[in-house]
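The values are calculated or read from the model by the stated rules, or taken from the named source; none is laboratory data. Nothing here was measured: the structure is a model prediction, and the numbers come from that model. Every residue, glycine among them, receives a Cβ derived from its backbone with ideal geometry; neighbour counts consider all protein chains shown. The protein model used for the area step is the full one, side chains on, heavy atoms only, and it has no ligands, DNA or RNA in it. Shrake-Rupley method; radii C 1.70, N 1.55, O 1.52, S 1.80 Å.
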Amino acid sequence: MSNSNDPSSNPQPGADVANDTTSVFELLAKLVKSQNELVETQKDLAKSQKEQGQHMREFLERQEQRDLQQAQRDQRFQERQEQRDLEQAQRDQRLQEQLAQRDQRLQEQLAQMGKEFKDALGGLASSVNNLTVQQTTAQDTRATQSGFEQDSGQGMALRFSLDDIDLVGTITRKYRLNMRDEATRVSSSVALGSEPYYQRAIGVLSETIQRELQSREVPCRLRWHDSHNSPMDNTRKPDGVFMENSHDFTNRDWRRVVVAVEIKGNRASAKDAVLRGQILQDFIDMAMDQPRLFAIGLGISRDGDVTVYIATGDGIYAGYVGRLPCESNPANSTDGHDVVRLLIAIATKMDCNYGYVVPQPNKLNGGVDLRKLVPAFGRTVNALSAEYDNAHIYIEDMRAFSGRRNYAIGTRSWLFYVQLDYRSGEKQPHYKNRHILKIHWHEVDAREGEVHKQAIEVGAPYIPPLLLAGNISSAQNWEALLMGDAGTSIRDHIIWNDPLQAKLVLDMFVGYSHTLLAANAGDGQCFVLHRDVSAANLLVDDSHQPQVIDWGCGLISPTNQSDRQTGIKAIVGTAPYMSCRVLNKKCKRSVIDDLESLFLVFSHCLCKHYGHPDKKWTSYMWHGVLGFSDLLEKREQWLKDVDSYMSKMCLDDECPQQLRDLATNMFGVLFGKRVGYVSAIADFESDPRCSTFTNKLWANVFRNVAEDLVLPCLERLEQFVKAQHGKDTAVEVLVGEWDDE
């Protein structure tokens, strides 16, 4: 029986209250602890933020200090550069004054010479016959024609005659004595017939001729320079050069070279590929900044054979001359007389302009008569515009700043910055307003001026005004164009401007598009295709206006093309920027080909400015080293879809989104969304895009990217599109055989 009085079986009422109180205190303790931990965490966070802020301030201060130091270094460099430029300008001025004084003294001395000396000099000069070139058959000569590729049935033989046998014999005898003295002086054994032997021989012979002519008071216009031991200004080392005698030899400029010499000794014949390759490179260097009607080279090969090479616009000709005089031959031997005659003729009887199209700096005399740009080989200038008959130009740097110059033959061009003087009748010239002078040699009749003028007349904007255009040789291949200043190329503008203004780049390519579309629209009678859109032909002038130049490959076509004859050889333009259909040798052309070239120029500019330096998959595509088929294959891999296109350019994070969007939008209009569409359109005989292309479609590419930006060129393009509404479908042109390149 239970005991109701047992306290253990009856709990007290206050026990539950005590337990509840304990639980509350425990909870309060935990809460206080949590609050303390939170406070500590907040303190740590505040401390961390304070430290980060301090680090950031220190970083910004260091960055500002670095920027300031860099700015100071740049300023010091600029000041040093300006000081060097000023000192160089002063040295150049002193040199020009010295040259002017020397020329004046020479002219005064010549003026004092009597009639007897003139008659004597005339008699001696008449004994040295001019260099004559005669056509002979291959059986009569060892010469070859048609460049270095193959021998043709016809050859070129260079025949020389010199009545003054005493002069040639005297030079030959003195040469043999000098060769023996030279061998004794240098006290070194040089194998007979080796390259060093012939190097010494041509040098001694040239110096012997110069001294003998000077002793007879015969003017010697050329002087030998051993460039094998003293390289030219571009660091190349031809074995020797003949330069104008009036120039300072410390300035080894290729523009002053008249004859280049390459030597191979007994180990190679006159047809050696290395020898001819070096001669070819010499011709390229000679004409890089100085356009020439012709260039001359000498090759010395096995047995001392001397071959003369003459590069003209349409080919390189080779003619066998003879052998160098041999020092071991008897004194009365005629061996080597033909070579001596050749060197005498070159030194005394060559035309004083040496084939220069643009006169040398020391011959400018304040300006160049536009009607006398080519006073060489007796060629006369065709009638130019009468408005500029008395005008003179001043060539600023005497170096071409652009053009197609890396070739010895074929189509070539040189662009010079010039200033024009309209008031040439006054004593003091008034050169002002920088212009561009373009000298152009074309394989067929030059017609760039005609196409340039027609493009302006049909209403195409952003083309520099054409002041003068005309042929400057009787063969119709040489052409001179004088146009307004067009600035620098868009490629250089994009590469050298950092940070790049995306708005300006957008507006420039809008302007280029407008020019191509307007030229294609024509005036109802004809239209114009550019066909050579490249990074060098799209320019930006000083007022940030786009300019399109170099219409030499352009095509003027009537609006009705139904009766045109087709041909598939007409591949014109600059290879890295040719459209896929041009690379595939399709004969039909349209404005879409020009716009595709424009798209490639834009892509190239993005790669050059924003491409990752270590991951430029496309970099080698812009150097022109690939053949047409290889280039087309790589292009198809690159442009197979938009993802491949963008990824292979490897653009960095600094590339503005607007420029990325423009690239993808242009890709979409030209190649669509189908994978491999580039290959498909390249194989079609007719471009399938012509049926759907409109000017509005292309203008929307820029409008969708520009959005609310104010782009003057875009507004002008949209006005043109509205005016052309309903008649802006692309038209194809069937290119004929006459247009082959």
Residue pairs qualifying under the 9 Å Cβ cut-off, at least six apart or on distinct chains, with the first in the range 409-437 being open to solvent by 30 Å² or more (accessible area, probe 1.4 Å) and modelled with pLDDT of 55 or more and the second being among the aromatic types (Phe, Trp, Tyr) and not in a loop (DSSP other than H, G, I, E, B), are Ile409/Phe283; Gln419/Tyr394; Tyr422/Tyr388; Tyr431/Tyr394; Arg434/Tyr417
When the range 687-722 is checked residue by residue, the ones that are more than 17 Å from Leu595 (Cβ to Cβ) and in a loop (DSSP other than H, G, I, E, B) are Glu707, Asp708, Leu709, Val710, Leu711
In the set Arg223, Arg180, Arg142, the lone residue that is open to solvent by 90 Å² or more (accessible area, probe 1.4 Å), at pLDDT 75 or above and out of contact with any His (no Cβ under 9 Å at 6 or more places or on another chain) is Arg180
So, first residue over 20 Å from Ala408 (Cα atoms) and touching a residue at least 40 places away in the same chain (Cβ under 8 Å) in the range 294-311, second residue open to solvent by 10 Å² or more (accessible area, probe 1.4 Å) and part of a strand (DSSP E or B), Cβ within less than 6 Å, six or more apart or across chains; the pairs are Gly304/Arg323
Only unsatisfied item for Gly668, checking (1) of a type outside the set (Val, Ile, Thr); (2) over 25 Å from Val540 (Cα atoms); (3) touching a strand residue (DSSP E or B) at 6+ places or on another chain (Cβ under 9 Å), is (3)
Per the list (1) over 29 Å from the mean Cα position of the chain (by Cα); (2) in a helix (DSSP H, G or I); (3) surrounded by fewer than 15 Cβ atoms within 10 Å (Cβ to Cβ), residue check on Lys673 breaks on (2)
Val678: passes all of (1) closer than 18 Å to Ile490 by Cβ; (2) in a helix (DSSP H, G or I); (3) among the hydrophobic types (A, V, I, L, M, F, W, C) but (1)
So Leu38, is it modelled with pLDDT under 85 and surrounded by 10 or more Cβ atoms within 10 Å (Cβ to Cβ): no
Of the candidates Ala318, Ala311, Ala260, the one satisfying the condition of being more than 30 Å from Gly169 (Cβ to Cβ), part of a strand (DSSP E or B), open to solvent by less than 40 Å² (accessible area, probe 1.4 Å) and not β-branched (Val, Ile, Thr) is Ala311
Those residues of the range 637-658 which are among the acidic types (Asp, Glu) and either touching a Cys at 6+ places or on another chain (Cβ under 7 Å) or open to solvent by 80 Å² or more (accessible area, probe 1.4 Å) (or both) amount to Asp643, Asp653, Glu654
When the range 645-698 is checked residue by residue, the ones that are in contact with a Ser or Thr (Cβ under 8 Å, 6 or more places away or on another chain) and among the aliphatic types (A, V, I, L, M) are Met646, Met649, Ala663
In the range 386-408, residues that are at pLDDT 70 or above, surrounded by fewer than 19 Cβ atoms within 10 Å (Cβ to Cβ) and in contact with a helix residue (DSSP H, G or I) (Cβ under 9 Å, 6 or more places away or on another chain) total 6
Out of (1) closer than 20 Å to Lys174 by Cβ; (2) modelled with pLDDT of 85 or more, the one Asp303 does not meet is (1)
Would you check if Ile495 is under 26 Å from Ser413 (Cα atoms), open to solvent by 10 Å² or more (accessible area, probe 1.4 Å), at pLDDT below 90 and assigned to a loop (DSSP other than H, G, I, E, B)? no
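Okay, residues lined up against (1) open to solvent by 30 Å² or more (accessible area, probe 1.4 Å); (2) more than 22 Å from Ser543 (Cβ to Cβ):
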{"residue": "Gly459", "(1), (2)": "yes, no"}
{"residue": "Ile463", "(1), (2)": "no, no"}
{"residue": "Gly470", "(1), (2)": "no, yes"}
{"residue": "Leu482", "(1), (2)": "no, no"}
{"residue": "Gly524", "(1), (2)": "yes, yes"}
Suppose the filter is assigned to a loop (DSSP other than H, G, I, E, B), charged (D, E, K, R) and more than 24 Å from His440 (Cα to Cα); does Asp523 pass it? yes
The residue that is farthest from the chain's Cα centre (by Cα), considering only those in the range 274-305 that are assigned to a loop (DSSP other than H, G, I, E, B) and surrounded by fewer than 21 Cβ atoms within 10 Å (Cβ to Cβ), is Phe294
